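The values are calculated or read from the model by the stated rules, or taken from the named source; none is laboratory data. This is a predicted model, so every value here is computed, not measured. Reconstructed Cβ throughout: ideal geometry from the backbone, glycine too, with neighbour counts over all protein chains shown. Quick note on the areas: whole protein, heavy atoms, side chains included, nothing else; ligands and nucleic acids left out. Shrake-Rupley method; radii C 1.70, N 1.55, O 1.52, S 1.80 Å.
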Amino acid sequence: MHSVNLICHEFVVAVSFVACIAGLLLLWDRKQQKDEWEETERILLRMSFTYWLVYCVAFGIEKVILPEWSAVVMSLKVTTALSYLLTFSCILSLPLHKFAVHQVEE
């Protein structure tokens with residue numbers, strides 16, 4: 001049962017890796033935004049996708065590297081944990097930012 005969950009998690013990480021690249025490509029806007037609030041939302045979304053992309057890459061490398069390289073594996077685990085927390089904080093910041101913008105408009 002544990003190996004099935006691990007394979008499912010690896011599949012979800014692989015799919016989300018591709019989705020992050022697609023999201024970053026969709027958010028890539030060459031023209032400068034005039035609205036400061038809209039640009040802040042765009043930056044928060046880019047940061048969320050980028051941090052999750054770092055998580056996916058570190059997770060993938062961690063699965064490929066030999067377990068004998070404990071220092072590398074430990075640094076990858078720290079990287080995955082930090083990028084996971086940073087992604088969570090960016091995602092949490094999006095509705096808080098919208099709420100703050102809504103409060104200022106009123």
Taking S3 as the residue in question, decide whether it is in a helix (DSSP H, G or I), over 18 Å from S93 (Cα atoms), hydroxyl-bearing (S, T, Y) and modelled with pLDDT of 85 or more. no
Could you tell me whether region 8-26 includes any residue that is closer than 30 Å to Q103 by Cα and open to solvent by 60 Å² or more (accessible area, probe 1.4 Å)? yes
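Just checking, which of L86, L96, L66, L82 is modelled with pLDDT of 90 or more and either open to solvent by 80 Å² or more (accessible area, probe 1.4 Å) or not hydrophobic (A, V, I, L, M, F, W, C) (or both)?
Unique residue meeting the criteria: L82.
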Could you please tell me which pairs satisfy a Cβ distance under 6 Å, a separation of 6+ or placement on different chains, a first residue in region 39-54 that is free of Cβ contacts under 8 Å to residues at least 60 places away in the same chain, and a second residue that is not in a helix (DSSP H, G or I)? E39/Q33
Step by step: first the residues of region 69-79, then only those that are more than 15 Å from the chain's Cα centre (by Cα) and hydroxyl-bearing (S, T, Y), then the one that is modelled with the lowest pLDDT. Which residue is that? S70
List the pairs whose first member sits in region 60-83 and is part of a helix (DSSP H, G or I), whose second member is exposed (fewer than 11 other Cβ atoms within 10 Å of the Cβ), and whose Cβ atoms are under 7 Å apart, counting only residues at least 6 apart or on separate chains? V73/P67
